[in-house]
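First up is the structure itself, then whatever we jot down about it.
The values are calculated or read from the model by the stated rules, or taken from the named source; none is laboratory data. The structure displayed is predicted, hence computed values, not measured ones. Note that each Cβ is placed from the backbone with ideal geometry, even for glycine, and that neighbours are counted across all protein chains shown. To get the accessible areas, we keep the full protein, side chains included, count just its heavy atoms, and leave off ligands, DNA and RNA. Shrake-Rupley method; radii C 1.70, N 1.55, O 1.52, S 1.80 Å.
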Amino acid sequence: MQDHPEDTMSVKAFKLVSAVEREMLMGDKNYINIECIECCGKNLYIGTNDCFIYHFLLDEKVSTAGKITFAATKQLHKYLGLKKPVSELKAASALTRLLVLCDNTITLVNMINLEPVPTGARIKGAVTFTLNENPVSGDPFCVEVCIISVKRRTIQMFMVFEDRVQIVKEVFTPEQPCAVAVDGYYLCLALTTQYIILNYNTGVSQDLFPYCSDEKRPIVKRIGRQEFLLAGPGGLGMFATVDGISQRAPVHWSENVIGAALCFPYVVALDDEFITVHSMLDQQQKQTLPFKEGHILQDFEGKVIVATNKGVYILVPLPLEKQIQDLLASHRVEEALVLAKGARRNIPKEKFQVMYKRILQQAGFIQFAQLQFLEAKELFRSGQLDVRELISLYPFLLPTSSSFIRSHPPLHEYADLNQLTQGDQEKMAKCKRFLMSYLNEVRSTEVANGYKEDIDTALLKLYAEANHESLLDLLVSENFCLLTDSAAWLEKHKKYFALGLLYHYNGQDAAALQLWVKIVDGDIQDSTRSDLYEYIVDFLTFCSDQELVWKYSEWILQKNEEIFTKRPLEEQEKNNINPDDIISCLNKYPKARVKYLEHLVLERKIQKEKYHTHLAVLYLEAILQLKSVTTDNCTETTELVLKLRSLLQKSDLYRIRFILGTSDCALVMAAVDLLNNHAAEFDAGLVLQVVPDSWSVQLLSPFLAGAVRQSIHTKRMTQVALGLAQAENFFYKHEKVKQKGAPILLSDKKVCQVCDHLTRFYGPISDGASRMQAGLRSSGGGARSSSGASRPGPSPARGRETESPGAGTGKCPCGKCCAYRGKTHGIRMPLLDPHSVASCATWWQRGGIARTGTAPASPRTEQRDKGQAPERWHTHPPFVSQAILVSYSKTISLKNAKFCTSQSTLKDFTPSPQHATARLCEETVQPHKAERPSHSSPLPAFFPPLPLLALCQLWHRTPLQANPAACMWQNTNFCFIPTSRQFSAKLA
């Protein structure tokens, strides 16, 4: 075996270290060969071909330089006495037993002294065996052993205790098994021609893929829970689960692979000449170690041990962080990130997060150096990079007051951008554009917390240097640019307008205006805004500093005379700018003065006579000046005349005497012309009050003639309108009279909007109405008085509609106040008059009514108390509807408020029975006192007869009729008196 074989790849995942040298094992006995090995903790067991077991104790040492070495100390050796090679060794640390396969027999020996157990427990007939690392028994003091039996196509399961063994299951296979691995109830078997998964508990098997055992040595390796690694065809290391599927891509290894081991995230393979290391994360080969004559490769609790016939070596894995750094150093970013993600399961969470963020940041700088800006941006964001690390690469971008110090150890190997780009200006420009984009994105996120000044200042410098349009957007929005650094940088790059914005943002408006005025005057050059003068005007318009406004007003008015008309009203009121001061300032600028007065009078509506008079005088002066220049009516003159006319019409605050009485003859003539040519536009009475007494009638004769003509015309038009209105009123009165004499027909489909609250309760009139009508007719067609004299009754011919067959008609004898239903099924409601109400009241009284009060009991009263219907009962409930109250209001004059229980609305009007009856009798029944029957009881309480039989029909349809005791019935089924509580509940 060669000493210290060298690694042939640049990235090292493992380092090969010698554990047991040849001399320690066999001395000068060349015939001794290593057949098998087992490692449990620091205990190393070696089985040889001469039936010996050697026990070594391994001691791991780490030098100051970080180099790892192993010192092996021989404990003892044991001869088994079978003169056969020791084929396999497996340690059961829970039982302190070592399972030794020799001569097809598994013997239990003590791990400490290598002596067989006293009971001599053993398993015979085993070709090879393995331990179940995912046992199903649940007994911590036994191990489950699976053997390939010497019996053909037979697998046996045993439970091995400290001093005994027990067979559990025997399973038969379709072909002779060559190799086996076990996980729980699942066996992964390499048969003669294929690999299969077999559940020995249920007997269900799953074929995986074929292979030829005669051509190559099968490999079956359990690598995790319910997952196995197999040597497949074509030099592939195949992964398979117990469900018969592969969740990982295969690794490519040698066609002549001898053994395989697992050290996450790597798979290590051994062939005749090399040890190869493959990543399970990306299936790439990471490392190759030359190793000849190797024939054993196994992993034991994280240790990977490889052996030749004469020596034992250990593959020591390098720390994952060291491996990742090596990958990053070689710019293998993707591999480094994959390895870092895969290392999560082997590193504590907090430590991993810190490590992983740093790896992402390093990877980001590698991508940035390669001008892969999109990838770099994502890595910077994911790694939560302190953005100052990136800004520090750009010379002079960090503020001079910044206290930032780069990370140690450094995240990259570059001093600055010049070194990174090697002076290439195109690459440098790309890097600056990337930084602008990145800083603009992160400045409003949590990444910028704590150092927003550094970010915004750097961004301003980049914008100014690149003449970027976003510079102004940055300065007019919320920013944290440091004034000292930013001002010097802007002045260096001649960005004076932007510098003014910076001054303004920091509350230095005077410095900003000074710069801008110099730009407009041409003292300094800055072409950022071509409309800078208008911008200054707008700036002063909304400026709250009065001193600045007055300071630059002269400069502004020389170029634009409308600054004061644009100032917001609230600003002027807030700053208490005196309009008189402004007018005084504007005396040099006539146009500005007129504009400002228009603003005061027309827009702000200031009610001060001097402003209105001053504006009118200025209009007149301008008109006269224009007329002196040209005799034609130009557009400007016409416009001024219209403005003056509008002012004189709408305002009443100007002093006419002052305007017209001026010594200027031209102004007087202008005023006279204005009155004579536009007489209709002025109030003649007001004009006559204010014109000077010295003016003659002949001077204003056109105006006076027009005023008189207009006054007469207005009077006559008013008379015509009055006559038309009277005629229309007369027509409506005529229509009203006609409507009073005609009936109003209502139906279920055509409901009156006025009395909808009545008609919606109407239903078909019951046969009781017919019986009532028939009773009236049989009594002589009218009601009789107590003396027997009959009063004329209503004629049937008075109904204007023909009644349908079978429909009863209920009428009052007066023939005026009764409603009836015709074949149209509508309710007819003739209007009432006092005579009809009086006659109806008399008729009801003489016909007999229900007595109330203190009247002695009568036969009818006794019938009513017994629940029987009295013979005659003509009255209605003491609660009436709106229409009935309207009828009362036309007949009864209730002068005493006591007669009403509620007069809040007409709808709620309800007179009390005693007062209403007394009042009614006083006004309507009094002429018939001699004919009233003599009764010892007081005047009975009653109301005039209802004009609507529909109200009785309402009570007929009420569910209260189901309770006869609650009602006082008549011999008709539609006229009854419910109690007050029932009536109120029904109306509600």
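Placing R0 at 56 angstrom, the Cβ-Cβ distance between residue 68 and residue 470 gives a FRET efficiency of 0.50 after rounding to 0.05.
Taking the average, over residues, of other Cβ atoms within 10 Å as the packing measure, peptides 103-109, 579-585 rank 103-109, 579-585 from highest down.
Around the amide H of residue 127, modelled in the peptide plane, lie the amide H atoms of 148, 149, 150, all under 5 Å away and 5 or more residues distant in sequence or on another chain.
Computed extension gain for residue 141 through residue 172, at 0.36 nm per residue and net of the alpha carbon distance, reaches 8.4 nm. Protection proxy ranking, highest mean first, for peptides 158-164, 51-57, 119-125, 722-728: 51-57, 158-164, 119-125, 722-728, where packing is the per-residue count of other beta-carbon atoms within 10 Å, averaged. Annotation: amide H of residue 74 within the under-5 Å range of 57, sequence separation 5 or more or interchain, hydrogens built in the peptide plane. In a simple Cβ point-charge model (Lys, Arg +1; Asp, Glu -1; nothing else charged), the range 424-531 has a dipole of about 280 debye relative to its Cα centre.
A Cα-only calculation for the range 64-148 places Rg and Dmax at 15.6, 52 Å. Treating r as the C-beta distance of residue 124 and residue 96 and R0 as 22 Å, the FRET efficiency rounds to 0.45. Rolling a 1.4 Å probe over the heavy atoms of the protein chains gives the range 663-723 an accessible area of 67 Å² per residue.
Measuring between alpha carbons in the structure, the pairs from 610/650; 216/310; 351/452; 286/377; 12/341; 169/216 lying more than 20 angstrom apart are 216/310; 351/452; 286/377; 169/216. Approximating the spin labels as points 7 Å out from Cα along Cα→Cβ, the residue 75-to-residue 370 distance works out to 5.0 nm. When each of the peptides 690-702, 634-646 is scored by how many other beta carbons lie within 10 Å of its residues on average, the order from highest to lowest is 634-646, 690-702.
Taking R0 as 25 Å, what's the FRET efficiency between residue 249 and residue 345 from their Cβ-Cβ distance, rounded to 0.05?
Calculated value: 0.85.
Computed over protein heavy atoms with a 1.4 Å probe, the carbon and sulfur contribution to the accessible area of the range 1-115 reaches 48%. Per-residue Karplus couplings for the range 214-228, computed as 6.51 cos²θ - 1.76 cosθ + 1.60 with θ equal to phi - 60°, are listed in order as 6, 8, 9, 7, x, 10, 10, 10, 6, 10, x, 5, 6, 9, 10 Hz, Gly and Pro entered as x. When +1 charges are put on Lys and Arg Cβ atoms and -1 charges on Asp and Glu Cβ atoms, the dipole computed for the range 14-318 relative to its Cα centre reaches about 400 debye. Here the 3J(HN,Hα) profile of the range 252-269, calculated from phi with Karplus coefficients 6.51, -1.76 and 1.60 at θ = phi - 60°, is 9, 10, 6, 5, 9, 5, 9, x, 9, 9, 10, 9, 4, x, 10, 10, 10, 10 Hz, Gly and Pro shown as x.
About the Cα centre, and with charges only on the beta carbon of Lys, Arg (+1) and Asp, Glu (-1), how big is the dipole of the range 663-723? Nearest 20 debye, please.
On the way: 3 positive and 5 negative charges, 85 e Å.
My answer is approximately 420 debye.
I need to check one value: relative contact order of the range 14-318, counting alpha carbon pairs closer than 8 Å and at least 6 residues apart, in percent. Show your work: numbers first, answer last.
Numbers: 771 pairs, mean separation 38.5, N = 305.
Computed over the range 14-318, the figure is 13 percent.
Shape of the range 14-318 from its Cα gyration tensor (a ≥ b ≥ c, root eigenvalues): rounded if a/c is under 1.5, otherwise prolate when a/b > b/c, or oblate? The shape class here is oblate. Can you find, among 40, 226, 250, the residue farthest towards the positive end of the dipole of the range 14-318? Put +1 on the C-beta of Lys and Arg, -1 on that of Asp and Glu. In the range 14-318, that residue is 40. Candidates 306, 236, 160 compared by Cα position along the dipole of the range 14-318: farthest toward the positive end lies 160, with charges placed on Cβ.
Remark on residue 280: its backbone amide H falls under 5 Å from those of 266, 267, a criterion applied only to residues 5 or more positions apart or on other chains, H modelled at 1.01 Å from N. Rounded to the nearest whole Hz, the Karplus-based 3J(HN,Hα) values (6.51 cos²θ - 1.76 cosθ + 1.60, θ = phi - 60°) of the range 320-332 follow the sequence 4, 4, 5, 4, 5, 5, 5, 5, 5, 4, 8, 6, 9, with x at glycine and proline.
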